[in-house]
1. If you keep only loop residues by DSSP, which trypsin sites (Lys or Arg not before Pro) in region 222-286 have at most 12 other Cβ atoms within 10 Å of their Cβ?
2. Whole-Å semi-axes of region 62-184's equivalent ellipsoid, largest first, each the root of 5 times a Cα gyration tensor eigenvalue?
3. Averaging the inverse of every distinct alpha carbon separation and then flipping it gives the Kirkwood radius. What is it for region 258-322, in angstrom units?
4. Write down, largest first, the equivalent ellipsoid semi-axes of the chain in whole Å, where each equals the square root of 5 times an eigenvalue of the alpha-carbon gyration tensor.
5. Applying the Karplus parametrisation 6.51 cos²θ - 1.76 cosθ + 1.60 with θ = phi - 60° to the phi angles of region 90-102, what ³J(HN,Hα) value in whole Hz is obtained for each residue in order, glycine and proline being reported as x?
6. Just want the answer: with Cβ charges of +1 for Lys and Arg and -1 for Asp and Glu, which residue in 365, 410, 445 is farthest toward the dipole's positive end in region 291-512?
7. In whole Å, what are the extents of region 489-540 along the principal axes defined by its C-alpha atoms, from largest to smallest?
8. Return the sequence-ordered ³J(HN,Hα) values of region 491-502 in whole Hz as given by the Karplus equation 6.51 cos²θ - 1.76 cosθ + 1.60 applied to θ = phi - 60°, using x for Gly and Pro.
Amino acid sequence: MRKFISFSLAVGIIAAGVVIQPALAKTPNNTLVMAWSLSIYRTLDPADVGEAFVDEVMNNVCDPAIFLDYDDPSKLVPGIVESWSVSDDARTYTFKIRQGLKFPGTGNPVRAEDLAWSMQRVVLGKFNSSANLTEWGYTPENIEELIKATDASTVTLKTTQPYAPGLFLASVMTGRIAFTLDKEEVAKHVKDNDYGNGWLQSTSACTGPYSVKTWKANDVFIMERNGDENAYWRHPVSIKRIVIRHVPESGAERLLLEKNDIDVARLVASADLGAIDANPDLELISSPEYSYWYIGLCQCDDDLTDVRVRQAFKYLMDYQKMEDTVMKNVGIWRQSAVPAGSFGAIPRADEYYRLDLEKAKELLTAAGFPNGMKKTLIIDSQFPFPLIAQHVKENAAKIGLELEIQQMAPAQLYGKFRGRDFETGVFRWSTNVADANGMLSRHAYNPDNSDEANLTMFPAWRTGWNTKELGLNEMVDQGKVEVDTEKRLALYKKIQEIQLRESPFAYYFQGVRNVAVSKRVKGLKVNPLKVFYATVTKDD
């Protein structure tokens, strides 16, 4: 049975895994068992997380300052802070900490000082997630003055200029940079002024429904409920344990699900959709998500700096055919950087690249490559990366563009991408903000293109694209402060039009999340941006 969630509600479902054992009749009622790929992992430190899997699980471990509503993520809901106010000049935000919360394990009270320090350390430590604060004007020099606890239960955030308050709150206070860490406990584990980063690579020190208990790379991730069923301040938590097993292949996950060895399968490829859909004991939930598969062209390679070469790659994809075959129910073709369903997305009708090898050849020739060129194309070894790469490779060969595909583990792939150590590659990216700024502030914004800047959380920097020269930085910044809806929409449209023509990114497909779930699993909360486990119950 299939359930499809539309763009207006968007996004799939998740759950969690259990140890794979021989012929279990069913998974335990108090344990949620998920199979997923655990191959991309560096740290659990919220300030340093950069991978979608870790971001998701840590959003189920740590409560943010403000939640996005489970069912309607356009609504802000109190979290660690129970109330907030914004000054008339939109430059001062005052937050009141929820009283009575304690950190699991230590029993220390959750204080305003903990939240302020947790946000400060993101920038002071220059961690990966610091870009989520520095883009709003926070620096190591000013953050301790602009974000501070003014008393035991009050945190004040000041900004260097007024921003659109709704966008600011959704971007800054609802994600991992606004997780509240136990400052006193983390301080015990600081080494060489690392703000506890080394210790936090494999443990959690926040408050929420679950805590991290076990993490083994490429093996298993286990979360345990904090306290009893009624200990969580927000609502009862029925599931005591969540176990996520490393099963990086769709067919293997489907077989485990059919045998009741797992409750949820996360990597569902097109080839397995039919069997899952036809099984009356399973439910297949499909939903568009705010993610992309795309090709990035490194501007560190002189051959790829001509805009005509970049455009040629966008004419190498048979978009509709691939959507109907290889990417069926997995991805929908989309060329703009802003995913459909989010604020500011342009209609697909305004996107104009189609498979056109004659045009691609014409562009390469005009750029000075009448005989083509030879480049390496680095990719993830998991579905659907090889199939996307092979399709592009075959079409490229017809115009003299020879692409040598190099498959590698995700950690190696994104290590090369972050280090500008590639020529071309197929990558994936997702955003946690249902606003064009979520993508454009990373893909059309590069504050400093120098190698020394090392702005690894900006794909525009990773590719060496100097967005400042095109005026994109200024336009993205303007979008953050513009409060007039129509003006913001017009500005975002202009940025996307420039990006379609000029960028070193060939966006091919927006992701569709397919999650196969045992019908014993009830209450998974899913919205276009996040998935929550704490509301799950299981039937006998």
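1. The qualifying sites: there are none.
2. Working: eigenvalues 80, 62, 40 Å².
They are 20, 18, 14 Å, listed from largest to smallest.
3. Result for region 258-322 stands at 16.0 Å.
4. Equivalent ellipsoid of the chain: 36, 30, 20 Å, largest first.
5. Listing the rounded values in order: 6, 10, 9, 10, 10, 10, 9, 6, 5, 7, x, 7, 10 Hz.
6. After comparing all options, I get 410.
7. If we take the Cα atoms of region 489-540, the spans are 56, 22, 12 Å.
8. 5, 5, 4, 5, 4, 5, 5, 5, 5, 4, 7, 9
The numbers here are math on the coordinates, done by the rules we state, and not lab data. All figures in this text were calculated on a predicted structure; none of them were measured in a lab. Positions of Cβ are generated from backbone atoms using ideal geometry, with glycine treated the same way; all protein chains shown enter the neighbour counts.
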